[in-house]
Amino acid sequence: MIDLKEEKERIILVGVSVSDQDDTEKSLDELAELAAAAGAETAGRIIQSREQAHPATYIGKGKLKELKDLIWETYATGIICDDELSPAQMGNLQDELEVKVMDRTLVILDIFASRASTSEGKIQVELAQLKYRQSRLTGFGKSLSRLGGGIGTRGPGEKKLEMDRRLIKGRIAQLNRELRDVKRHREVTREQRSRNQVPVAAVVGYTNAGKSTLLNALTGADILAEDKLFATLDPTTRELKLPSKQSVLLTDTVGFIRKLPHHLIEAFRSTLEEAKYADMILHVVDTANPQMDEQMHIVYETLRSLGVKDKPVITVFNKQDKEGAQQTVRDFQADYTVRISAKTTEGLDELKEMIEAVLRGQKVLIEQLYSYKEAAKIQLIRKYGELTAEEYREDGIYVSAYVPVSIYDKVRSVSLGDSLNNAL
């Protein structure tokens, strides 16, 4: 991998606004952050209002001339379009502008390539990159033939011109086989968690909402947490001990973003589906971001596309310590909401109480008298349930507890006292 610092890209952002209510400006603001995360600096931006993107060149002839002039005036070395370009659009723009042509998808893939550290993450990223580039061998033209840094040259990009379509197809098949092994491993891990009766909470949210910082604050994990888009990529699972002595596994997932490339969703499906199999969702929201409401909508839309539904949701309104954080916050799609600062730990005790409330709602209340011979059942309750009262009496041990439905039959008392009570 070649250091981006060797060649700092100066880029122009290009967007197409298809309606008066379009959020293209906000989308370009985010695209500028993505470009910065990839190591480039924004030299300017152009937005064209039209019914739809031009099928041949993304923008019309007039804007294309304006874009050429802006590239010349700002000494820009490339452009980034806010939507995924077709191979024809990319090739035509390359011929017209004679600078590097990129789109939002390519930039996001490039960032992912630089952040993936585990073997699973690297497989997923390379697979997404190759699928994206498979149909764009011609579209990239000369921009990938040169060595050097810059956006779009990480991962398999450096080898692009030496790989024909047959070789790329073979590599994709190999990566798919490796990814199937990863998926099987994840399924085995999920089954093991299910057998162990340990509940799982999936931590989801828009990129840079503070998921990793929250995981660090709750579990003492030492995950990289930086104030930038996609600071962490590889999923992490840590155990959280609740005040009631229960354990819950918190699984961090990759951050969501508007126009999340479908290549990434497919490649990272086994990772993203952690939310699908979790017992609850912790939806982390950046209240200091002016686009908070739009980001929340995008997260819910992405969850629905992954088939995540009918899960208890706790929306965690994070970054309350930051200047400009919104104080009036609400989420009508959530079961619980809480305002916190993962950085200062404000509100974390209330969050833990809400997690316990959700777990309690998924359990059965038992109030029984156990004979001393049945003490092993109480140990089972301590391990998998929430013991709220325990009283030692002459005729046995009185217990009040919430237990998972799956172990209810195992911990029911068959003592004489129970039988008499049932008879009465």
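The values are calculated or read from the model by the stated rules, or taken from the named source; none is laboratory data. Quick caveat: nothing in here was measured; it's all calculated off a predicted structure. Positions of Cβ are generated from backbone atoms using ideal geometry, with glycine treated the same way; all protein chains shown enter the neighbour counts. The accessibility values were calculated without ligands, DNA or RNA, using every heavy atom of the protein model including side chains. Shrake-Rupley method; radii C 1.70, N 1.55, O 1.52, S 1.80 Å.
Data table
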item: Qualifying position, being free of Cβ contacts under 8 Å to residues at least 40 places away in the same chain, surrounded by 14 or more Cβ atoms within 10 Å (Cβ to Cβ) and charged (D, E, K, R), among Arg10, Arg45; result: Arg45
item: One residue from Lys383, Lys309, Lys377 being among the basic types (Lys, Arg), touching a helix residue (DSSP H, G or I) at 6+ places or on another chain (Cβ under 7 Å) and within 30 Å of Ile407 (Cα to Cα); result: Lys377
item: Residues of region 65-118 that turn out to be among the acidic types (Asp, Glu) and without any contact (Cβ under 8 Å) to a residue 60 or more places away in the chain, as a count; result: 7
item: Test for Ala267: is it of a type in the set (Gly, Ala, Ser), closer than 30 Å to His185 by Cα and modelled with pLDDT under 90; result: yes
item: Matching residues in region 400-424 - criterion: being assigned to a helix (DSSP H, G or I), modelled with pLDDT of 55 or more and of a type in the set (Ser, Thr, Tyr); result: Ser406, Tyr408
item: Filtered residues of region 353-390 (kept if part of a loop (DSSP other than H, G, I, E, B) and surrounded by 15 or more Cβ atoms within 10 Å (Cβ to Cβ)); result: Ser371, Gly385
item: Residue list for region 292-304, restricted to those being surrounded by fewer than 19 Cβ atoms within 10 Å (Cβ to Cβ) and either modelled with pLDDT under 90 or in contact with a Phe, Trp or Tyr (Cβ under 8 Å, 6 or more places away or on another chain) (or both); result: Ile298
item: Check on Glu84, farther than 19 Å from Thr24 by Cβ and more than 18 Å from the chain's Cα centre (by Cα); result: no
item: Subset of region 186-207 that is in contact with a Ser or Thr (Cβ under 9 Å, 6 or more places away or on another chain) and open to solvent by 70 Å² or more (accessible area, probe 1.4 Å) - its residue that is modelled with the lowest pLDDT; result: Ser194
item: Residue in region 309-324 that is hydrophobic (A, V, I, L, M, F, W, C), part of a loop (DSSP other than H, G, I, E, B), in contact with a Lys or Arg (Cβ under 8 Å, 6 or more places away or on another chain) and under 20 Å from Leu215 (Cβ atoms) present; result: no
item: Glu33 being closer than 22 Å to Phe268 by Cβ, open to solvent by 60 Å² or more (accessible area, probe 1.4 Å), at pLDDT 90 or above and not in a helix (DSSP H, G or I); result: no
item: Lone unmet requirement of (1) outside any loop (DSSP other than H, G, I, E, B); (2) closer than 15 Å to Arg186 by Cβ for Val248; result: (2)
item: Filtered residues of region 84-120 (kept if open to solvent by 50 Å² or more (accessible area, probe 1.4 Å) and of a type in the set (Asp, Glu)); result: Glu84, Asp95, Glu96, Glu98
item: Where Thr74 falls short, out of the listed (1) within 26 Å of Gln52 (Cβ to Cβ); (2) modelled with pLDDT of 90 or more; result: (1)
item: Residues of region 51-83 satisfying the condition of being more than 24 Å from Gly39 (Cα to Cα), of a type outside the set (S, T, N, Q) and open to solvent by 70 Å² or more (accessible area, probe 1.4 Å); result: Glu51, Pro55, Lys61, Lys65, Glu66
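Every residue, every condition in (1) of a type in the set (Asp, Glu); (2) modelled with pLDDT of 85 or more, yes or no:
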site: Leu218; (1), (2): no, yes
site: Asp222; (1), (2): yes, no
site: Leu229; (1), (2): no, no
site: Ser247; (1), (2): no, yes
site: Arg258; (1), (2): no, yes
